Amino acid sequence: MILKWIKRHLTAVLFWLVIWWLLALLIGQELLVPMPHSVLMRLFYLVRQGSFYLNIVNTLYRITLGFVLATILGGILAFLTAVSIWGATFISPLMSAIRATPVASIIILLLIWLSPNGVVVSCVVLIVLPVIWSNLVVGINYRDQQLEEMAAVFKLSRAKLWRYLRLPATLPFLLAGVESGLGIAWKAGVAAEVLGIPRHAIGSRVYDAKIYLETADLFAWTAVVVLLSIILEKLILSVIRRLGKSYDWVK
């Protein structure tokens, strides 16, 4: 089973590498689309630099911190929205406004108010918050009528009702929100770094690649971001599922 999964995904990766290679051959300009082996060589060079890991650690810290804060705040606001009509009245317009505001506008405003490091964390919080909030509101409001009636018959306490019915029903929506939010977090976080240019950050290196027309470096750093995003997503989803199992929220 695992071998089939590896073979299938490896085939997909090789397919797109071939497409990339053919596109680079067709364009014929490394400045526009570098060859895959050129990007790989630059990546091997970057990996041997000590600053490479410093950039990764700082960016990973800022984005992870912002995402965790957004998830906690989104959970609190989602609960207030779902259980209180006044909460929904005040919170829903705010979430709609944040969701509709362009990312560039948010970053520029934050640059006026905060330091570059604070801009990245705050930007991730604001961009991810509506995603987590909207998913959790739907999850909290979800009701399985038959199970609710059964709980009423057996006169389950409110604590048991939440533990055995409400939280398990909410967990899939949380997982969906986390999966969607993490990709957005990386896009917003790196974009904030590109504009804010903190001292050690992947976004700053992307900005340098753009200034010096180092397209291979741009592709290499982009590949690093994609890989880190996938790893962080799998890790956080795994932690949430394990927590759910430890508290009997999931089977």
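Annotation note: of A201, A188, the sole residue that is modelled with pLDDT of 90 or more and touching a Cys at 6+ places or on another chain (Cβ under 8 Å) is A188. If I filter the stretch 79-93 for residues that are under 22 Å from the mean Cα position of the chain (by Cα) and aliphatic (A, V, I, L, M), do I get at least one hit? Within the stretch 79-93, none of the residues are under 22 Å from the mean Cα position of the chain (by Cα) and aliphatic (A, V, I, L, M). Residues in the stretch 56-75 that are polar (S, T, N, Q) and out of contact with any His (no Cβ under 7 Å at 6 or more places or on another chain): T59, T64, T71.
Of all residues in the stretch 171-203, those satisfying the criterion of being farther than 12 Å from T59 by Cβ and of a type outside the set (G, A, S) are L171, P172, F173, L174, L175, V178, E179, L182, I184, K187, L195, I197. Quick one: which of Y212, Y164, Y207 is modelled with pLDDT of 90 or more and assigned by TED's automatic domain parsing to the domain that holds L77? So the residue among Y212, Y164, Y207 that is modelled with pLDDT of 90 or more and assigned by TED's automatic domain parsing to the domain that holds L77 is Y207. Out of the residues in the stretch 204-230 that are closer than 17 Å to Q49 by Cβ and small (G, A, S), which is nearest to the chain's Cα centre (by Cα)? Looking at residues that are closer than 17 Å to Q49 by Cβ and small (G, A, S), I get A223.
The values are calculated or read from the model by the stated rules, or taken from the named source; none is laboratory data. Everything quoted here is computed from the prediction, not taken from an experiment. We place every Cβ from the backbone using ideal geometry, glycine too, and count neighbours over all the protein chains shown.
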